[in-house]
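Notes follow once the structure below has been shown.
The values are calculated or read from the model by the stated rules, or taken from the named source; none is laboratory data. If you're wondering where the values come from, they're calculated on a predicted model, not measured in any experiment. Cβ placement follows ideal geometry from the backbone for every residue including glycine, while neighbour counts extend to all protein chains displayed.
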């Protein structure tokens with residue numbers, strides 16, 4: 001059925017549209033099975049250690065962990081930038097609040113268990129989001145970007161200058177999540193196209209240690225799935241629609257009875273919450289944090305992930321985050337060129353594909369509508 | 001508190017000379033914002049390139065400590081010309097590569113800001129990787145003295161020995177302080193006259209006021225935008241020379257912090273307002289100095305950032321709050 005309709009509507013877009021329609025048209029059980037399979041595959045990725053994807057110079061599990069942390073950050077920032085349209089250049093500040101929250105509570109000032117410190121740290125990030133958002137969200141557009149940039153730097157400078165936060169040298173000995181050693185998982189080794197099981201190289205299921213980052217990856221991946229689920233629910237709700245309305249035209253939204261300030265603040269708080277969550281997980285994984293992990297550069301890399309992927313589309317920003325985090329690790333000999341390449345990529349994207357690699361469907365639809373209107377107008381002119 | 005009172009004159013003079021540099025850089029932000037309502041985030045990099053041009057020029061001419069007064073003036077003039085030319089060139093390039101296409105498409109302002117951020121990082125990193133780039137081009141050996149230590153600061157040859165000229169209160173005002181403050185004032189006066197009195201200046205003001213009507217009245221708006229970027233670049237080049245003379249070194253990532261501060265100065269005085277930039281620069285320089293004397297030098301940048309946030313929150317139009325369009329002679 002769907003094939004015949006797409007053939008009629010046009011050749012060039014046929015394959016893309018039919019793919020989307022086909023996916024949407026699948027029966028629900030098939031979809032669920034496909035999702036589960038994908039999830040299982042992702043969980044097993046560091047175990048499978050696939051030949052081309054794997055990173056030759058550095059532990060693959062650690063790279064996957066970094067990638068998932070970036071994905072988490074990008075999902076959070078996408079709520080602020082993509083859904084609500086608020087350009088936040090100080091997002092690393094919330095990440096820092098989360099990380100410092102865990103570090104201070106488990107090592108510097110107290111010795112709480114990680115699982116108790118995590119919610120408190122994340123809550124602190126959320127509160128900091130509300131505190132920063134309440135005054136700043138009255139400022140619009142590019143001024144907001146500069147104000148958030150200022151706040152991000154202030155948070156970092158406070159960390160650098162406060163003895164109680166470890167000052168410039170940072171905080172060592174951050175607590176780790178509790179380990180439950182259940183069983184060992186052996187990894188695969190590839191020789192050409194043939195895989196064999198390496199019994200010597202194993203990961204212990206849920207033993208969180210500095211030597212083996214794979215359990216952290218599993219933990220973070222689970223958090224990412226939860227966040228994606230919440231993201232889907234929120235985006236489809238009244239709140240999600242209100243955010244989009246604010247983004248498209250704040251004044252019109254306000255006139256239609258959307259309390260724009262409240263919803264923008266909510267977006268800011270949720271973004272801060274997710275940013276704080278990834279910061280807290282980062283601190284747990286790293287075992288040690290210093291202000292240098294929260295430079296403005298990271299805010300820009302996060303923005304790059306969101307913009308490159310396609311702000312407003314959660315799958316797009318996930319792709320963007322994977323690219324931003326994975327490529328420099330895979331091609332480690334070019335790491336020092338990374339910022340240069342991202343700068344140029346941002347510039348080129350802004351000029352030639354401002355909507356990102358995978359723009360949200362609504363943007364695509366709106367552009368098509370505009371093109372059709374343009375074509376209609378031209379046709380009308382020709383006739384007249 | 002005692003420290004502030006004891007060193008009040010010293011803090012004021014150094015604050016003013018720092019503020020003069022902020023003000024010159026702020027002019028670039030203010031001009032572009034006045035005409036295009038765009039935060040030219042990469043302007044800080046224009047400044048940084050100028051500072052490197054000045055350093056390299058003096059180095060290439062063999063300038064070092066103990067040169068005669070005439071030679072020093074020659075070095076400084078050459079550095080000034082080189083820095084202004086290089087900065088102007090970079091500013092024009094920036095307009096062409098990062099903004100022109102977006103302007104033609106009437107892209108949303110946030111997209112323009114993202115492009116600007118991209119340009120800023122690309123330019124800064126290009127300077128930070130210049131040894132690698134030179135090696136890549138096969139010029140690594142010839143350019144070694146210029147590209148060496150690309151990620152560390154490059155020192156500006158100490159061609160001027162700091163000598164106290166006269167005493168104010170109990171602070172000896174040095175020749176460098178005086179040079180920085182007066183040259184900044186002269187540059188700014190020249191720019192103010194240019195915008196207020198000449199045909200080109202009238203074009204800039206017209207485009208700032210209403211681009212469409214301006215082009216109907218025969219103002220070439222593309223040319224005017226280019227001119228705006230060029231003027232901003234020239235001012236940044238002049239600021240760059242004063243900066244390396246005063247501070248003594250430059251690094252590929254110096255631009256960012258100075259850029260944010262200059263932007264703060266521009267907003268403080270009222271963005272789009274040329275005289276506001278001057279006032280904003282001086283106020284910021286003084287506030288930073290007094291603030292760090294009060295609560296400790298390590299909080300200096302926090303003072304600047306806090307000032308930026310507070311100004312944007314409570315008086316986004318700035319102290320003088322006026323646009324370039326309304327500037328009168």
What is the number of the single condition among (1) part of a loop (DSSP other than H, G, I, E, B); (2) away from every other protein chain (no Cβ under 14 Å) that residue B:239 does not meet? (1)
Some residue of segment B:76-95 being surrounded by fewer than 24 Cβ atoms within 10 Å (Cβ to Cβ), within 14 Å of chain A (Cβ to nearest Cβ), assigned to a helix (DSSP H, G or I) and free of Cβ contacts under 8 Å to residues at least 24 places away in the same chain: yes
For segment A:138-145, state whether one or more residues are under 20 Å from residue A:76 (Cβ atoms) and within 7 Å of chain B (Cβ to nearest Cβ). yes
Which of the residues belonging to segment B:289-319 are away from chain A (no Cβ under 13 Å) and buried (at least 24 other Cβ atoms within 10 Å of the Cβ)? B:289
Across (1) within 24 Å of residue B:263 (Cα to Cα); (2) modelled with pLDDT of 85 or more; (3) surrounded by fewer than 23 Cβ atoms within 10 Å (Cβ to Cβ), residue A:123 clears everything bar (1)
Any residue at all in segment B:28-50 that is over 30 Å from residue B:106 (Cα atoms), modelled with pLDDT of 85 or more, away from every other protein chain (no Cβ under 14 Å) and part of a helix (DSSP H, G or I)? yes
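Considering each of B:121, B:136 in turn, give the residue that is part of a helix (DSSP H, G or I) and out of contact with any helix residue (DSSP H, G or I) (no Cβ under 9 Å at 6 or more places or on another chain).
B:136
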From B:101, B:144, B:64, residue being within 14 Å of another protein chain (Cβ to nearest Cβ) and surrounded by fewer than 19 Cβ atoms within 10 Å (Cβ to Cβ): B:101
Can you tell me which residues in segment A:10-59 are at pLDDT below 70, part of a helix (DSSP H, G or I) and surrounded by 11 or more Cβ atoms within 10 Å (Cβ to Cβ)? A:14, A:16, A:17, A:18, A:19, A:20
Could you tell me which numbered condition residue A:106 fails, if it satisfies all but one of (1) outside any helix (DSSP H, G or I); (2) touching a helix residue (DSSP H, G or I) at 6+ places or on another chain (Cβ under 8 Å); (3) in contact (Cβ under 8 Å) with a residue 60 or more places away in the chain; (4) more than 28 Å from residue B:117 (Cβ to Cβ)? (1)
From the list A:110, A:159, A:134, exactly one residue is surrounded by fewer than 15 Cβ atoms within 10 Å (Cβ to Cβ) and within 14 Å of another protein chain (Cβ to nearest Cβ). Which is it? A:134
Residue that is surrounded by the fewest Cβ atoms within 10 Å (Cβ to Cβ), among those in segment A:296-324 that are under 27 Å from residue B:131 (Cβ atoms) and more than 10 Å from chain B (Cβ to nearest Cβ): A:298
Pull up segment A:335-347, narrow it to residues that are more than 8 Å from every other protein chain (Cβ to nearest Cβ) and within 18 Å of residue A:319 (Cβ to Cβ), then point me to the one that is modelled with the highest pLDDT. A:341
Selection status of residue A:84, under 30 Å from residue A:164 (Cα atoms) and either in contact with a helix residue (DSSP H, G or I) (Cβ under 9 Å, 6 or more places away or on another chain) or surrounded by fewer than 20 Cβ atoms within 10 Å (Cβ to Cβ) (or both): no
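Yes/no per residue for (1) over 27 Å from residue B:121 (Cα atoms); (2) part of a loop (DSSP other than H, G, I, E, B); (3) free of Cβ contacts under 8 Å to residues at least 24 places away in the same chain; (4) in contact with a strand residue (DSSP E or B) (Cβ under 7 Å, 6 or more places away or on another chain):
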site	(1), (2), (3), (4)
B:232	no, no, no, no
B:244	no, no, no, yes
B:279	yes, no, no, no
B:285	no, no, no, no
B:303	no, no, yes, no
Is one or more of the residues making up segment B:173-181 exposed (fewer than 15 other Cβ atoms within 10 Å of the Cβ) and under 26 Å from residue B:69 (Cα atoms)? yes
Tell me, please, whether a residue that is more than 12 Å from chain A (Cβ to nearest Cβ), farther than 22 Å from residue A:338 by Cβ and surrounded by fewer than 13 Cβ atoms within 10 Å (Cβ to Cβ) can be found in segment B:126-138. yes
I'd like to verify a number: residues in segment A:259-289 that are surrounded by fewer than 22 Cβ atoms within 10 Å (Cβ to Cβ) and not in a helix (DSSP H, G or I), how many? 3
Of the conditions (1) within 14 Å of chain B (Cβ to nearest Cβ); (2) touching a residue at least 12 places away in the same chain (Cβ under 8 Å); (3) in a helix (DSSP H, G or I); (4) over 25 Å from residue A:99 (Cα atoms), residue A:359 satisfies every one except a single condition; which number is it? (3)
Is it true that residue B:217 is modelled with pLDDT of 90 or more and either more than 13 Å from residue B:32 (Cα to Cα) or in contact with a helix residue (DSSP H, G or I) (Cβ under 6 Å, 6 or more places away or on another chain) (or both)? no
Looking only at segment A:290-342, which residues are outside any helix (DSSP H, G or I) and more than 13 Å from the chain's Cα centre (by Cα)? A:290, A:295, A:331
